[in-house]
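Enquirer: Have a look at this one before I ask anything.
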């Protein structure tokens with residue numbers, strides 16, 4: 001049931017002129033978490049101010065706060081939680097409601113002029129909790145070399161290091177309901193008890209993904225935020241413009257509108273865009289009434305360097321010829337250390353290459369998970385798997401495995417987001433076109449990575465690996481991970497990026513960006529854990545700046 | 001049958017005989033002694049013919065899988081645009097390995113090929129064959145199988 005967005009003829013008492021609302025503690029104590037989702041009642045009237053309805057605001061009013069966050073996904077909610085804990089006054093704006101709403105989701109529609117194996121409104125979700133309402137919970141931190149300049153990856157290098165993020169990864173673990181920050185594969189293997197694949201030449205290694213339950217941020221943290229006396233959440237509040245001060249160095253306000261036509265402003269000491277890697281760009285480019293290039297875009301980098309994690313399902317297949325315990329590489333549960341005790345978590349091993357090999361061979365990073373599959377004739381080109389299996393002399397057996405490869409993509413400026421001024425949404429904002437490009441060298445790069453992996457699997461006695469030789473098939477079967485990275489990249493040099501090491505826009509001193517848009521490179525891991533870690537780091541920075 | 005072809009056939013028979021009885025025990029000295037009856041005006045160590053390798057290939061791949069090896073080798077040679085001579089020439093390294101072990105048992109020869117193949121993978125002496133990552137030694141053996 002869709003939550004009603006309009007009170008039935010009554011005005012909410014929590015207008016901009018009212019004092020900060022006190023919570024209806026008594027009623028809330030009897031309301032179980034999640035029970036109110038989808039109930040078509042007006043929150044403000046019946047339950048006090050847990051979550052506020054933007055449509056109830058007096059049009060033209062101005063809210064004030066220490067920090068205004070636009071976007072209540074993983075980044076926005078993590079940021080709001082930590083800023084609240086630090087004692088700052090926070091306004092959190094969310095375009096959607098507490099559940100899916102077609103007219104709100106439709107605001108995400110746009111076009112894809114490049115690789116179009118997905119749709120813009122099908123891999124991101126516009127409701128309180130954002131895409132965490134759908135994510136599968138894959139977690140892994142970035143590697144230390146992901147932050148370094150790598151000679152074979154132009155535009156690589158972050159202005160921060162892994163060590164800068166580790167304290168915040170530990171915090172992020174709590175947010176996504178993982179146990180202690182433990183990622184050593186040998187330690188995890190000891191807890192699992194299942195063997196690792198041996199790498200005779202040392203080129204191949206095993207990495208581990210840990211799975212969040214997955215944490216639905218909107219459900220898990222709604223009450224915490226709603227109960228916080230210093231947090232106001234406004235649902236159905238769409239950021240439509242970023243207004244600059246007269247000297248262009250700061251934002252003066254966020255301009256916000258609802259689909260029902262209520263418009264209001266938020267003035268804050270600091271502003272954070274946490275709308276996602278595509279929508280953040282859209283708002284910056286669309287806020288062009290003062291500067292034609294939009295806000296924070298003197299470098300011209302806003303919207304460029306869009307990266308995904310291309311997912312290649314089935315482009316590599318392994319003909320296995322002997323019984324091998326690959327149980328570590330299937331999703332299974334392990335008792336992981338968590339504080340004073342343990343926590344049962346799902347983990348899964350994946351195959352990858354050693355960083356020295358990646359560097360010496362000039363190969364982008366990737367992870368490959370293995371799943372058993374039945375391979376029929378013709379699925380591997382002209383030479384069938386059965387013929388190749390005949391070559392393999394070790395042991396007996398006829399199993400086959402499919403590799404699911406998640407690859408790093410090299411950053412390139414022409415993989416980009418632009419506005420379509422002639423196509424506007426219901427709020428009057430221009431829609432976007434995403435021209436997602438994967439460099440042809442990345443295809444060759446991946447194939448070389450698969451060759452090396454195949455050599456190592458063969459050396460380990462695990463059979464022979466096949467990878468599609470068809471470059472078009474490789475690129476045009478690349479499915480997205482829903483990871484929208486790089487479009488507002490971090491750099492110490494204002495000419496090379498949009499934000500600095502603290503995620504502050506170079507051009508606008510009180511505007512910050514949260515989320516994977518700031519990633520200069522994508523690495524191989526899923527971004528959510530790093531997104532939350534960066535949000536925690538930003539919260540610490542803002543708490544210090546605004547203290 | 002001409003005298004030269006008779007000698008070649010005798011040499012072939014000799015070699016197979018040596019393999020069948022040596023059991024890995026034949027010394028280098030014994031091998032060199034067996035050459036004494038070769039005519040002096042002929043090359044005492046002519047290169048083996050393609051068909052000479054068939055018994056070893058059958059031992060390596062197994063009789064039932066030899067056909068698969070032939071098909072893979074044929075595919076690879078055709079893809080490379082080789083004629084018979086060029087294909088045979090491409091297998092020089094594995095032939096040298098086998099020839100150097102002519103006095104060893106078949107099992108020892110197979111083991112040596114396995115070891116070389118393992119080294120292929122560990123040192124990235126690999127070949128892309130229709131998308132399959134194969135070791136240099138095994139594709140050379142497949143090409144030999146296709147030619148035998």
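The values are calculated or read from the model by the stated rules, or taken from the named source; none is laboratory data. Computed from a predicted model, the values in this text were never measured in an experiment. Note: ideal-geometry Cβ built from the backbone for every residue, glycine included; neighbour counts use all protein chains shown.
Enquirer: Scan region A:395-409 for residues that are closer than 30 Å to residue A:519 by Cα and either crowded, with 22+ Cβ neighbours inside 10 Å or at pLDDT 95 or above (or both) and report the count.
Expert: Residues in region A:395-409 being closer than 30 Å to residue A:519 by Cα and either crowded, with 22+ Cβ neighbours inside 10 Å or at pLDDT 95 or above (or both): 6 in total.
Enquirer: Would you please name the residue that is farthest from residue A:315 (Cα to Cα), looking only at residues in region A:380-394 that are more than 8 Å from chain B (Cβ to nearest Cβ) and surrounded by 17 or more Cβ atoms within 10 Å (Cβ to Cβ)?
Expert: A:392
Enquirer: Among the residues of region B:99-118, is any at positive phi and not in a helix (DSSP H, G or I)?
Expert: For region B:99-118, residues at positive phi and not in a helix (DSSP H, G or I): absent.
Enquirer: Another question about this same structure. Residue under question is residue A:449, and the condition is that it be within 14 Å of another protein chain (Cβ to nearest Cβ) and touching a helix residue (DSSP H, G or I) at 6+ places or on another chain (Cβ under 7 Å); does it hold?
Expert: It is false that residue A:449 is within 14 Å of another protein chain (Cβ to nearest Cβ) and touching a helix residue (DSSP H, G or I) at 6+ places or on another chain (Cβ under 7 Å).
Enquirer: Then there's this: Does at least one position in region A:370-379 carry a residue that is over 21 Å from residue A:204 (Cβ atoms), in contact (Cβ under 8 Å) with a residue 60 or more places away in the chain and within 14 Å of chain B (Cβ to nearest Cβ)? Write out each step before concluding.
Expert: Step one: filter region A:370-379 for residues over 21 Å from residue A:204 (Cβ atoms), giving A:374-379.
Cutting the leftovers down to in contact (Cβ under 8 Å) with a residue 60 or more places away in the chain gives us A:379.
If we keep only those that are within 14 Å of chain B (Cβ to nearest Cβ) as well, we get A:379.
Among the residues of region A:370-379, at least one is over 21 Å from residue A:204 (Cβ atoms), in contact (Cβ under 8 Å) with a residue 60 or more places away in the chain and within 14 Å of chain B (Cβ to nearest Cβ), which makes the answer yes.
Enquirer: To continue, here is another question. Given the structure, is residue A:325 touching a residue at least 12 places away in the same chain (Cβ under 8 Å), assigned to a loop (DSSP other than H, G, I, E, B) and within 30 Å of residue A:55 (Cβ to Cβ)?
Expert: On the way: touching a residue at least 12 places away in the same chain (Cβ under 8 Å): yes; assigned to a loop (DSSP other than H, G, I, E, B): yes; within 30 Å of residue A:55 (Cβ to Cβ): no.
Criteria not met by residue A:325.
Enquirer: Would region A:466-475 turn up any residue that is within 12 Å of chain B (Cβ to nearest Cβ), modelled with pLDDT of 90 or more and either over 30 Å from the mean Cα position of the chain (by Cα) or in a loop (DSSP other than H, G, I, E, B) (or both)?
Expert: Yes, region A:466-475 contains at least one residue that is within 12 Å of chain B (Cβ to nearest Cβ), modelled with pLDDT of 90 or more and either over 30 Å from the mean Cα position of the chain (by Cα) or in a loop (DSSP other than H, G, I, E, B) (or both).
Enquirer: Right, another one. Among the residues of region B:108-139, what is the count of those that are in contact (Cβ under 8 Å) with a residue 40 or more places away in the chain, surrounded by fewer than 19 Cβ atoms within 10 Å (Cβ to Cβ) and more than 11 Å from chain A (Cβ to nearest Cβ)?
Expert: Matching residues across region B:108-139 total 1.
Enquirer: Quick check on residue A:486: is it within 23 Å of the chain's Cα centre (by Cα) and modelled with pLDDT under 95?
Expert: When the stated conditions are applied, residue A:486 does not pass them.
Enquirer: Could you check region A:538-547 and list, in sequence order, the residues that are modelled with pLDDT of 95 or more and either under 11 Å from the mean Cα position of the chain (by Cα) or surrounded by fewer than 24 Cβ atoms within 10 Å (Cβ to Cβ) (or both)?
Expert: Within region A:538-547, the subset modelled with pLDDT of 95 or more is A:538-546.
Correct list: A:540, A:541, A:543, A:544, A:545, A:546.
Enquirer: Hey, could you check region A:351-369 for residues that are in contact with a helix residue (DSSP H, G or I) (Cβ under 8 Å, 6 or more places away or on another chain) and within 13 Å of chain B (Cβ to nearest Cβ) and say which is nearest to residue A:198 (Cα to Cα)?
Expert: Among those residues, the one meeting the criterion is A:353.
Enquirer: Now for a separate question. If you take the residues in region B:71-93 that are touching a helix residue (DSSP H, G or I) at 6+ places or on another chain (Cβ under 9 Å) and within 10 Å of chain A (Cβ to nearest Cβ), which one is nearest to residue B:126 (Cα to Cα)?
Expert: My answer is B:76.
Enquirer: Here is a further query. Could you check region A:296-306 and list, in sequence order, the residues that are within 19 Å of residue A:493 (Cβ to Cβ) and in contact (Cβ under 8 Å) with a residue 24 or more places away in the chain?
Expert: Selection gives A:296, A:297, A:298, A:299, A:301, A:302, A:303, A:304, A:305.
Enquirer: Return the residues of region B:83-96 that are free of Cβ contacts under 8 Å to residues at least 40 places away in the same chain and not in a loop (DSSP other than H, G, I, E, B); say none if nothing qualifies.
Expert: B:85, B:86, B:89, B:92, B:96
Enquirer: Read through the list (1) assigned to a helix (DSSP H, G or I); (2) under 12 Å from the mean Cα position of the chain (by Cα); (3) away from chain A (no Cβ under 12 Å), then give the number of the only condition that residue B:145 fails.
Expert: With respect to (1) assigned to a helix (DSSP H, G or I); (2) under 12 Å from the mean Cα position of the chain (by Cα); (3) away from chain A (no Cβ under 12 Å), residue B:145 is out only on (3).
Enquirer: Checking residue A:465 against (1) crowded, with 24+ Cβ neighbours inside 10 Å; (2) closer than 21 Å to residue A:281 by Cβ: exactly one of these is not met. Which one?
Expert: Here residue A:465 clears every test but (2).
Enquirer: Return the total of residues in region A:515-528 being within 8 Å of the chain's Cα centre (by Cα) and assigned to a helix (DSSP H, G or I).
Expert: The total comes to 2.
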